[in-house]
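The values are calculated or read from the model by the stated rules, or taken from the named source; none is laboratory data. This is a predicted model, so every value here is computed, not measured. Cβ sites come from the backbone with ideal geometry, for glycine too, and all protein chains shown count toward neighbours.
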Amino acid sequence: MSRGNISLAALLWLIIAFFVLYPLSYLVVESFKISATGGWGISNYIEFFKDTYYLKTFGNTLLLSTLLLLTTTVFGVPLAYILARYRHRGKTIFTALILLPIVLPAFAGVFAFIIFFGKYGTINLLLMDFGLIEEPINFIYGRHGLVFIQALHMLPFIVLGLSAGFTNIDPSFEEAAEVEGASGIRRFFTITLPLCTPSYMAGAVLVFLWPFTDWLTPLILGQVDYLPSVSYINIAYHFTDVHRKYMGIVAVVVSAVVCISLFLLARWWVERRKYTGLSKGTTSEGRVIEPSRPVKIGAYVYMIFIAILVLLIPIVLGLAAFSRRWVFEAFPTHWTLENFRLILLESPGLIKNSFVFSGIALIFGIAFGLPAAYLIVRTRVPGRDALDFVITLMLAFPGIAIGVSYLLAFWKGIPLATHWIIMPLALFARRLPYFLRMAHSSYLQLDTSLEEASEVSGASKIRTFFHISLPLLLKGVLVGVVMFFIMAFQEISTAIFLYRGGWETLPIGIFLNWHRGMEFGIAAAMAFLMIVITFILLLIVSRIGGGVLKAAWGSGEQ
Amino acid sequence: MRKKILATTIFTVFAMGLLLLPVLAGQAQAADKIGWVGPVYKELSASLNKGFKEYYKKTYGKDVEITFVRPGGWPVCVDKVRAWAGKPDADIFLGAGAPAHEVLKQEGLIVPYRPKDWDMVPADWHGMKVKDAEDYWTCFAPWIVTNLYNEKVLKKLRLPPPKTWNDLLDPMYRGNVVHTLPYASGTMHEAIEILLQGFGEEEAWRYLRLLAAQLSRFSTGSTDTTQLTARGEVPMGIAQPQMNAMAARKDGFPVKDLLPEKTILVPEAVALLKGAPNEAVGKIFLDWLFSMEGQKYVLEGRYFAARTDIKFSEWEKEGVEMATHAKKALGVDSFWDLQVDFIEYDLDLATKRWDEVNKKYEMEIYRKWGELKNSLFLIEEIEGEIEAAKALQKDVTAAEAKIKEARKLFEIDGAYAAARLAATEARAVSAAVVAAAAPAAKAAPAAAPEMQVPGFILILLILALLVSVVAFIVAFKRRHH
């Protein structure tokens, strides 16, 4: 426990304190302010839980979360089982497709589905043309649409966790059950599924928390009575109605508290329930079944069905991006590059901003993440677990909470928000865990003996780091770098509160173009551009990291 | 030792990041600057941006850097300026109608400036103010509050376009209407003000409650309304600036506007913000905006030009592309030649109750939307039952009185829960009368709250379940053998 380690830890804590703890505590403090008297008290909270409207939004959000979790689970369990257990061709490509939504911006899906499933979208028009229906079916406007769109976005989290679980189960457990005479279904529900619960929970909690974070999907669908959308409207539309602003902040704090406590609860539960097998010989591939023909066909149909839904997003957006006024036509007829001309000529700043802000955030992320991972894995500095804990907690924080807290905290006292550096800083804080987790797991995989050997041979610690550790870490770190960049690139919930004229990023541009009404085509084109950029980045990662599955979620199990 | 160097590395990387700042920030130091804030549409800001940059370069031999912020509709923009509290991040308040500018004037957030060609804009029109007599704000792009409909979709649904405000309440349009909230859009606010001043307050709130039951949803802004209507997602959009139909038609959308029988002029105006950091450039911009050249860029930005000495037919000859569309959309050669049924509009009253109206609408209608619809639908259902009982020669006077009370509670008082209760009582009364005659008849159960049909999800769920169940059963069977 050298002094260097301690001072490094102190420095990292200082950064955490300034960029995470200070703004978030500012947010909490602000929520206790009373607009009428200028004093302090819990009356805002009392009002929040007494007002039928806020209660309704809270209830709506909880209901949506539950429905979302149910839907993703019902769809995810068979999917994960198929992916993990069945031997079939095209496994990699299906896995990649089904996991794709993780890296696609959440709002991209909404635009695609409005175009495809809208009242006069492709499906409805086709159905009407064939005379199957008289009036358009409402596919997406309403709670069912929200569940559909959000479920598709969150499905990978369930599938990833579960399929990892299915793969890692020691086959001997199931075989034992089989020998004892348990039927297939009984075995699945009594042995296989319980053994997977810890890995399922890790994804499930993220799914459950998503409706507390996603304000844009409800807003675009015109269903605003959900907690994050209401807080967005309260804070972004009513700057001067101080009371409403405080109520909005209360809503943010409430959702943050819900998120954090559920996250911690799940973590604690997973820790407690971790099953430990006593067997030794597990095959790396797990148990793989060669299913019968009808099952195989069924599995393929099912996977193709999900894959098509996922693929709809880039395909529909691509079509929309290269056409203008795609209305009342099942497929566009008027092809043009006008959308891209408008984006590239009139607002090239958006693309530049996106790259510059995400890039600078990435520099911060690396500068913070590498030493932090080193501290957490390799040293015994006091407080390193707490450091890990705080950083992981950022995963559960709604983006809105970070955006609002930055706006409040860096406005008067420390006027950072008047300079554009606030944008990359906020992105850095919001995406903090992504790089760190990657660096963290790479460090874990790096055998200490290599470093020790280097030091024994007389190399200094720094020399060891640059000549031994870094090259060995490089692969994991690079995957982390790209993942961090992708996540920062598509971030909107935080940035939307902080941007000013000239600082717009691509996601904000998409939001503004949608909000301005007639620019649906441009918004779609921008979303398509983002998807293309993300694809290219992913390709790079898969080259480095090997396997698109890994690329999508780093090293899988966290 | 190693950590020291590690720490130094971190510092270096951070420092590098910080060093980038002045480099990137310093790029744009050379040009003059001007900032606009306001709710105008993108086409206008883009057109003015282009025109003013050219003009500035030509006249002053320098570049001008323009920033434009559009935080939202008028009320949101006004709030933004309020939040700046006299230290604005912009110089010009670009757009929004008279009430917004009056609010800013009263709160001392704008300063008077008389642009050079100020005289070319009329002082008032049909009793409505077009510019401020004390030079605080001047209209540069007048328009009229209209409603919008999608020709193609209405035809497909076999619905005639509604002609008047009251037509919109027809049950056949239910679920095919959309509008936004008055706090999100100035146009919606003005539409409510039209109803308040044109029909009287009680009647207006009654109307708004009934209209809310017709909506398929609330949009998030008047531009969102335009988009939804143009794309046909909801075929009728309430409270739209007149030029939106022109712009959408030019883009090829089958959209038409309806001038309702009662409406007002909205003088889309411009003002100089108090404490503007680039006041001199701001004044140059205002002078240019009202010049013949500036007004052409206004029209090219798909807004109607405000000068009285403009003839669209002349501009058409000069090659102003939008002049043709404007002539076609308005049917006259200058905006000021329009003949419209205007109400008598009290601007002072509108300014005074600006926030109050927005709040009332939100609290009484928007936040209780679900309750409102449930209540009205139940009342309508029971009214139907009473009518049916009446047709069977039953004496339903008591029930009729009760249901009338329920309607009054709903329409006038906005007491939706109480109205529901009264309606249920009316149902009980009428059911008792009917039951007395025919003991077998039973009262229908109370209407269930409206449920959204999760048809799609349901189908998917069943499909997935079926597939997975079959897969599992077969798989396990197979393994057993």
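Can you pull out the residues in the range A:16-27 that are surrounded by 19 or more Cβ atoms within 10 Å (Cβ to Cβ) and among the aliphatic types (A, V, I, L, M)?
A:ILE16, A:VAL20, A:LEU24, A:LEU27
Applying the selection to the range B:381-400, what residues are in contact (Cβ under 8 Å) with a residue 24 or more places away in the chain and surrounded by fewer than 18 Cβ atoms within 10 Å (Cβ to Cβ)?
B:GLU381, B:LEU392, B:LYS394, B:ASP395, B:ALA398
For A:ARG186, state whether it is basic (Lys, Arg) and closer than 30 Å to B:PHE218 by Cα.
Spelling it out, it is not the case that A:ARG186 is basic (Lys, Arg) and closer than 30 Å to B:PHE218 by Cα.
Checking the conditions here, which among B:LYS58, B:LYS116 is away from every other protein chain (no Cβ under 12 Å) and free of Cβ contacts under 8 Å to residues at least 12 places away in the same chain?
Every option except B:LYS58 fails the conditions.
Kindly provide the set of residues from the range B:389-408 that are at pLDDT below 90 and of a type in the set (Lys, Arg), ordered by number.
Within the range B:389-408, B:LYS390, B:LYS394 qualify.
For (1) aromatic (Phe, Trp, Tyr); (2) away from chain B (no Cβ under 14 Å); (3) on the phi > 0 side of the Ramachandran plot; (4) part of a loop (DSSP other than H, G, I, E, B), each residue gets a yes or a no:
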site: A:PHE484; (1), (2), (3), (4): yes, yes, no, no
site: A:PHE497; (1), (2), (3), (4): yes, no, no, no
site: A:GLY501; (1), (2), (3), (4): no, no, no, yes
site: A:ALA523; (1), (2), (3), (4): no, no, no, no
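Is it fair to say B:ILE379 is in a helix (DSSP H, G or I) and within 14 Å of chain A (Cβ to nearest Cβ)?
Working: in a helix (DSSP H, G or I): yes; within 14 Å of chain A (Cβ to nearest Cβ): no.
Considered against the rule, which asks whether it is in a helix (DSSP H, G or I) and within 14 Å of chain A (Cβ to nearest Cβ), B:ILE379 comes out as no.
Tell me whether the range A:217-229 contains one or more residues that are modelled with pLDDT of 85 or more, among the small types (Gly, Ala, Ser) and in a helix (DSSP H, G or I).
Yes, there is a match, as at least one residue in the range A:217-229 is modelled with pLDDT of 85 or more, among the small types (Gly, Ala, Ser) and in a helix (DSSP H, G or I).
State which residue is nearest to A:VAL230 (Cα to Cα) when the search covers only the range A:28-72 and only residues that are of a type in the set (Val, Ile, Thr) and away from every other protein chain (no Cβ under 12 Å). Working first, answer last.
Pass one, the range A:28-72, residues of a type in the set (Val, Ile, Thr): A:28-29, A:34, A:37, A:42, A:46, A:52, A:57, A:61, A:66, A:71-72.
After this cut, where a residue has to be away from every other protein chain (no Cβ under 12 Å) as well, the list is A:28-29, A:34, A:37, A:42, A:46, A:61, A:66.
Working: A:VAL28: 18, A:VAL29: 20, A:ILE34: 19, A:THR37: 24, A:ILE42: 20, A:ILE46: 17, A:THR61: 11, A:THR66: 19 Å.
Looking at the filtered set, the residue picked out is A:THR61.
Quick one: A:LYS119 ticks every box in (1) surrounded by 23 or more Cβ atoms within 10 Å (Cβ to Cβ); (2) in contact (Cβ under 8 Å) with a residue 40 or more places away in the chain; (3) closer than 26 Å to B:PHE218 by Cα except a single one, so which number is it?
Going through the list (1) surrounded by 23 or more Cβ atoms within 10 Å (Cβ to Cβ); (2) in contact (Cβ under 8 Å) with a residue 40 or more places away in the chain; (3) closer than 26 Å to B:PHE218 by Cα, A:LYS119 breaks only (2).
Would you be able to say whether some residue in the range B:141-156 is over 24 Å from the mean Cα position of the chain (by Cα) and either loosely packed, with under 15 Cβ neighbours inside 10 Å or within 25 Å of B:ARG353 (Cβ to Cβ) (or both)?
Yes - at least one qualifying residue is present in the range B:141-156.
Would you check which residues across the range A:32-50 are in contact (Cβ under 8 Å) with a residue 12 or more places away in the chain and touching a Lys or Arg at 6+ places or on another chain (Cβ under 9 Å) and list them? Steps first, please.
So in the range A:32-50, the residues in contact (Cβ under 8 Å) with a residue 12 or more places away in the chain come out as A:32-36, A:44-45, A:47-48.
Across the range A:32-50, the qualifying residues are A:SER35, A:ASN44.
I want to confirm something. Restricting to the range B:409-440 and keeping residues that are surrounded by 13 or more Cβ atoms within 10 Å (Cβ to Cβ) and outside any helix (DSSP H, G or I), which single residue is modelled with the lowest pLDDT?
If we take residues in the range B:409-440 being surrounded by 13 or more Cβ atoms within 10 Å (Cβ to Cβ) and outside any helix (DSSP H, G or I), then B:GLY414 is modelled with the lowest pLDDT.
For the range B:239-246, does any single residue satisfy the condition of being under 25 Å from A:THR217 (Cα atoms), surrounded by 20 or more Cβ atoms within 10 Å (Cβ to Cβ) and touching a residue at least 24 places away in the same chain (Cβ under 8 Å)?
Yes, that holds for at least one residue.
Kindly indicate the residue of the range B:221-250 that is among the β-branched types (Val, Ile, Thr) and touching a helix residue (DSSP H, G or I) at 6+ places or on another chain (Cβ under 6 Å) and also nearest to the other protein chains (Cβ to nearest Cβ) among those meeting that condition. Walk me through how you get there before you give the answer.
Step one: filter the range B:221-250 for residues among the β-branched types (Val, Ile, Thr), giving B:223, B:225-226, B:229, B:234, B:238.
Okay, now just the ones that are also touching a helix residue (DSSP H, G or I) at 6+ places or on another chain (Cβ under 6 Å), so B:226, B:234.
Values: B:THR226: 5, B:VAL234: 7 Å.
Among those that are among the β-branched types (Val, Ile, Thr) and touching a helix residue (DSSP H, G or I) at 6+ places or on another chain (Cβ under 6 Å), it is B:THR226.
Six or more apart or on different chains, Cβ atoms under 8 Å: show the pairs whose first residue is in the range A:57-85 and farther than 30 Å from A:GLU47 by Cβ and whose second is outside any helix (DSSP H, G or I).
A:ILE82/A:HIS88; A:ALA84/A:GLY286; A:ARG85/A:GLY286; A:ARG85/A:ARG287; A:ARG85/A:VAL288; A:ARG85/A:ILE289
For the range B:270-361, give me every one of the helices (runs of 4 or more DSSP H) that falls completely inside it and has 1 or more residues that are in contact with a His (Cβ under 8 Å, 6 or more places away or on another chain). So that I can check it myself, show each step before the final result.
On the way: elements: B:279-289, B:292-300, B:312-318, B:321-330, B:347-352, B:354-361.
Passing ranges, in order: B:354-361.
Given A:VAL110, A:VAL103, A:VAL77, A:VAL147, which one is more than 12 Å from chain B (Cβ to nearest Cβ) and either modelled with pLDDT of 85 or more or farther than 30 Å from A:GLN490 by Cβ (or both)? Can you show your working first?
Working: A:VAL103 fails: either modelled with pLDDT of 85 or more or farther than 30 Å from A:GLN490 by Cβ (or both); A:VAL77 fails: more than 12 Å from chain B (Cβ to nearest Cβ); A:VAL147 fails: more than 12 Å from chain B (Cβ to nearest Cβ).
The conditions single out A:VAL110.
Restrict the check to the range B:89-100 and report whether at least one residue is facing chain A (nearest Cβ under 10 Å), closer than 25 Å to A:LYS245 by Cβ and touching a residue at least 24 places away in the same chain (Cβ under 8 Å).
Filtering the range B:89-100 for residues facing chain A (nearest Cβ under 10 Å) gives B:89-90.
Narrowing further to those that are closer than 25 Å to A:LYS245 by Cβ: B:89-90.
Checking which are touching a residue at least 24 places away in the same chain (Cβ under 8 Å) leaves us with B:89-90.
Checked against the condition, which is being facing chain A (nearest Cβ under 10 Å), closer than 25 Å to A:LYS245 by Cβ and touching a residue at least 24 places away in the same chain (Cβ under 8 Å), the range B:89-100 yields at least one hit.
Looking only at the range B:23-40, which residues are surrounded by 13 or more Cβ atoms within 10 Å (Cβ to Cβ) and either away from chain A (no Cβ under 11 Å) or modelled with pLDDT of 85 or more (or both)?
Of the residues in the range B:23-40, the ones surrounded by 13 or more Cβ atoms within 10 Å (Cβ to Cβ) are B:24, B:31-40.
Those that are surrounded by 13 or more Cβ atoms within 10 Å (Cβ to Cβ) and either away from chain A (no Cβ under 11 Å) or modelled with pLDDT of 85 or more (or both): B:ALA31, B:ASP32, B:LYS33, B:ILE34, B:GLY35, B:TRP36, B:VAL37, B:GLY38, B:PRO39, B:VAL40.
State which residue is farthest from A:LEU221 (Cα to Cα) when the search covers only the range A:503-516 and only residues that are within 13 Å of another protein chain (Cβ to nearest Cβ) and surrounded by 24 or more Cβ atoms within 10 Å (Cβ to Cβ).
Once the filter is applied, the top-ranked residue is A:GLY509.
Which members of the range B:158-180 meet the condition of being under 13 Å from B:LEU211 (Cβ atoms) and not in a helix (DSSP H, G or I)?
Once the filter is applied, which keeps residues that are under 13 Å from B:LEU211 (Cβ atoms) and not in a helix (DSSP H, G or I), the range B:158-180 yields B:PRO162, B:THR164, B:TRP165, B:ASP170, B:ARG174, B:GLY175, B:ASN176, B:VAL177, B:VAL178, B:HIS179, B:THR180.
Quick check on my filter: what residues within the range A:176-216 are at negative phi, free of Cβ contacts under 8 Å to residues at least 12 places away in the same chain and outside any helix (DSSP H, G or I)?
A:GLU180, A:ALA182, A:SER183 - these are the residues of the range A:176-216 that are at negative phi, free of Cβ contacts under 8 Å to residues at least 12 places away in the same chain and outside any helix (DSSP H, G or I).
Take the residues of the range B:61-88 that are at positive phi and surrounded by fewer than 20 Cβ atoms within 10 Å (Cβ to Cβ): which is nearest to the other protein chains (Cβ to nearest Cβ)? So that I can check it myself, show each step before the final result.
We begin by selecting, within the range B:61-88, every residue at positive phi; these are B:61, B:72, B:85-86.
Then drop every residue that is not surrounded by fewer than 20 Cβ atoms within 10 Å (Cβ to Cβ), which leaves B:61, B:85-86.
Details: B:GLY61: 24, B:ALA85: 9, B:GLY86: 13 Å.
Checked the range B:61-88; the qualifying residue nearest to the other protein chains (Cβ to nearest Cβ) is B:ALA85.
Specify which of the listed residues (A:THR66, A:THR73, A:THR61) is in a helix (DSSP H, G or I), among the polar types (S, T, N, Q) and crowded, with 22+ Cβ neighbours inside 10 Å.
It is A:THR61.
Check A:ILE391, A:ILE315, A:ILE366, A:ILE376 and return the single one that is in contact with a helix residue (DSSP H, G or I) (Cβ under 9 Å, 6 or more places away or on another chain), under 23 Å from A:THR534 (Cα atoms) and away from every other protein chain (no Cβ under 11 Å).
A:ILE315
Looking at B:GLY282, is it facing chain A (nearest Cβ under 10 Å) and more than 16 Å from the chain's Cα centre (by Cα)?
In short, no.
Only one of (1) in contact with a Ser or Thr (Cβ under 9 Å, 6 or more places away or on another chain); (2) part of a loop (DSSP other than H, G, I, E, B); (3) surrounded by fewer than 18 Cβ atoms within 10 Å (Cβ to Cβ) is not met by A:SER493, so which one is it?
In the conditions (1) in contact with a Ser or Thr (Cβ under 9 Å, 6 or more places away or on another chain); (2) part of a loop (DSSP other than H, G, I, E, B); (3) surrounded by fewer than 18 Cβ atoms within 10 Å (Cβ to Cβ), A:SER493 misses (3) alone.
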